[in-house]
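Nothing in this text is a laboratory measurement; each read-out follows from the coordinates by a stated rule. Here the structure is a predicted model, which means the values were calculated and not measured. Positions of Cβ are generated from backbone atoms using ideal geometry, with glycine treated the same way; all protein chains shown enter the neighbour counts.
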Number of protein chains: 2
Amino acid sequence: MFINRVAHYIPDLVIPNAHFEKLNGLTNDWILERTGISERRRATEGENTNTMALEAVKKGIEAGLPYDISEINLIVGGTYSPYDTVGTLAHVIQAHIQVADIPVVSVSSACSTLLNCMEIVEGYFAMGKADKAIVVVSEHNSLYHNETDPMAGHLWGDGAAAFFISKEKQSETDFNVSQIITGGAATVGKGTEGVMLRPRDGGINMPFGKDVFINACAYMSKVTKDILENNGYSLNDLSYLVPHQANLRISKNITESLGLSENVALSNIEYLGNTGCAGAGIAFSEHQGEYKKGDKIVLVVFGGGYSYGAMLVEV
Amino acid sequence: MFINRVAHYIPDLVIPNAHFEKLNGLTNDWILERTGISERRRATEGENTNTMALEAVKKGIEAGLPYDISEINLIVGGTYSPYDTVGTLAHVIQAHIQVADIPVVSVSSACSTLLNCMEIVEGYFAMGKADKAIVVVSEHNSLYHNETDPMAGHLWGDGAAAFFISKEKQSETDFNVSQIITGGAATVGKGTEGVMLRPRDGGINMPFGKDVFINACAYMSKVTKDILENNGYSLNDLSYLVPHQANLRISKNITESLGLSENVALSNIEYLGNTGCAGAGIAFSEHQGEYKKGDKIVLVVFGGGYSYGAMLVEV
């Protein structure tokens, strides 16, 4: 399958590290050293996962698609920080594009959700039940975070990304999706309790940061290597690594352990914070003008649950 | 694909209509006449969508599967009333069965979610990425409802259902899934705002009950007819209709408009209330001992968003 267009939306409101020094005493240096984050964006009054998803999709449509929007026949939304679990972000997109009677579904596998959405699309394409899809991922972490929490309150940012995908190649600028791998990892470490978002029981919590760190590094390194090998490539062939934007130290650990140059890993955590399942999508979108013919790009994710995934994209 | 086993779990706590007479003045007669509901079950302290999903899966395993549980290679969970959007019900099932590195994802399309889950499984089977799956749907409406709401507080019940599904036939007692249809209907009526569950903005609300009623009847009737016709059957061939358990008047409207005998429609709303995306699954499970060789069964659903779907099962 092929990515025809990517777009993203980030809210205007900037929350610098200085905000936390006043709030709970965490200094800029302390946050920066441990996470790489200088500032993050926050949704404002009236914004939520549905509105941000819609903005990302609108930006994609405005940037131009190689087909009419009425040809979309599948919408898959992804979020773990939902505004509405019934009128979901995917339904809001259907209402916007006004295409009736197509499958519309929303998904959560925590910070891995983007690739679960992509793999669900791959399944619809394989069945012949769809051939052009929108995947939209959107996170409103600040709706559920406790910003005074010294463990994780400073990590979270808000934002959204939209992918327009087709079964067949639509234009010369399409990106080829060569393989998608996803996996649950609820069987290891702190598994289902390493990270939690319980809407009626404390919101987002990450009580086992070290366990998350260790497993994120291990799984994202392994699956990056696996997906390259599966497709006959080595680590030297990798042009860009687009990891889940959880923590700059995780990305650095992965590039170091794989022997990759630090520049290979794309990153936006410095100015967006951890935007959950939208982070890697936003990073892929931010750099879409830079990819060159022949580039091999791996999006690699890890999230609560635990969950992981990788997607090999060839330009 | 084939359904090898179905199971369900309902919590012990019974909430009779008399509860509401004390609470907000709605009488037993008033509720019964408008909804068909006499009583509903409610999750108790320590129960949630994850624990109820796990109980349903355990019951299925205990009842016997035609393969070892370690052969499961896909888990799809469904809920719009999540306990944890990160450590989801699907991840809890993976942790329980201890099968590593398989796709694990949770889904919401409101009360239609069961069939979206089934169609996602169909996609994984078509790709060859899985051949044995668990679909588990679980709702904890009482976590998000406002029980004093005279519009909808009396409707909601809690419960879960689990389906064990394989690509190839596993035993003579398997049910054959002949077709699955799903569709978003965000383009009609009150669409994304007809029903809402906004965890941080009021919980479950159904401000446009009449619009929901009209569209539920129209879509469930149409898609039931469509799926039978698609497969060369007429309405006379239908052995059982298993509608989403929203309101007994909706089910009666559908059987009437299709000219079906009222007995064809299976129902549990009288004693379980509206158990969301679990309702039709629980009903299908409750009656699994009654289906005879050659029976044609249609599960048909409609939910907020809006969303709809139908599944034709042949015994």
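Nearest 5 is fine: what % of DSSP beta bridges in region A:175-314 come out antiparallel, could you say?
Counting only bridges with both partners in region A:175-314, antiparallel ones make up about 80 percent.
Kindly give the distances from A:LYS22 to its copy-mates, label point to label point, with each label point 7 Å from Cα along Cα→Cβ, as nm values to one decimal ordered shortest first.
4.9
Note down the magnitude of the dipole of chain B about its Cα centre, charges +1 on Lys and Arg C-beta and -1 on Asp and Glu C-beta and zero elsewhere, to the nearest 20 debye.
Here the size comes out at about 400 debye.
Taking a threshold of 26 Å on the Cα-Cα distance, which of the pairs A:LYS59/B:LYS129; A:LYS169/B:LYS222; B:LYS210/B:LYS292; A:LYS129/B:LYS293; A:LYS58/A:LYS132 fall above it?
A:LYS59/B:LYS129; A:LYS169/B:LYS222; B:LYS210/B:LYS292; A:LYS129/B:LYS293
Among the GluC sites (Glu not before Pro) in region B:1-87, which ones are in a DSSP loop with at most 14 other Cβ atoms within 10 Å of the Cβ? Mind listing them?
Counting only loop positions with at most 14 other Cβ atoms within 10 Å, the GluC sites (Glu not before Pro) in region B:1-87 are B:GLU45.
Would you please state which residues of region A:146-180 a label at A:TYR271 would reach in this model, taking the label point 7 Å out along Cα→Cβ and a backbone N cut-off of under 19 Å?
Flagged as within label range: A:155-162.
Per residue of B:122-132, count partner chain C-beta atoms within 10 Å of its C-beta, then hand back the mean as an integer.
5
Find which of A:ALA216, A:SER239, A:TYR271 sits farthest along the positive direction of the dipole of region A:175-314, computed with +1 on the beta-carbon of Lys and Arg, -1 on that of Asp and Glu, about the Cα centre.
Of the listed residues, the answer is A:ALA216.
Express in whole angstrom the spacing between the alpha-carbon centres of region B:18-92 and region B:277-310.
A separation of 15 Å, based on Cα centres.
Between region B:194-262 and region A:109-158, how far is it from one alpha carbon centroid to the other, in angstrom?
Region B:194-262 and region A:109-158 have Cα centres separated by 30 Å.
At a 10 Å Cβ-Cβ cut-off, how would you order B:HIS145, A:HIS244, fewest neighbours first?
The most exposed by this proxy come first: B:HIS145, A:HIS244.
Excluding residues fewer than 8 places away in the same chain, name every one of the aspartates and glutamates whose C-alpha is closer than 12 Å to that of B:LYS190.
B:ASP211
Using a simple spin-label model with points 7 Å from Cα along the Cα→Cβ vector, what separation in nm is obtained for A:ASP237 and A:GLN98?
4.6 nm
List the aspartates and glutamates whose alpha-carbon lies under 17 Å from that of A:LYS296, not counting same-chain residues fewer than 8 positions away?
Partners within reach: A:GLU172, A:ASP174, A:ASP226, A:GLU229, A:ASP237, A:GLU262, A:GLU286, A:GLU314.
What residue among B:HIS96, B:LEU74, B:ALA152 has its Cα farthest toward the positive end of the dipole of region B:2-166, where the charges are +1 on Lys, Arg and -1 on Asp, Glu, each on the Cβ?
B:LEU74
For a quick check: with amide H placed at 1.01 Å from N, whose amide H comes under 5 Å from A:SER109's, ignoring anything fewer than 5 positions away on the same chain?
Residues meeting the criterion, in which the H sits 1.01 Å from N, are B:SER106.
Between A:MET127 and the same site in the other copies, what are the distances in nm, shortest first, taking label points 7 Å from Cα along the C-beta direction?
1.3
Shortest first and in nm with one decimal, please list how far the B:LYS58 label point sits from its counterparts in the other copies (point 7 Å along Cα→Cβ).
Shortest to longest, the spacings are 4.9 nm.
State to the nearest 20 debye the size of the charge dipole of region B:175-314 about its Cα centre, where the only charges are +1 on K and R beta carbons and -1 on D and E beta carbons.
260 debye
Can you work out the FRET efficiency for the pair B:THR173 and A:ILE69, with r the C-beta to C-beta distance and R0 = 45 Å, to the nearest 0.05?
The computed FRET efficiency comes out at 0.45.
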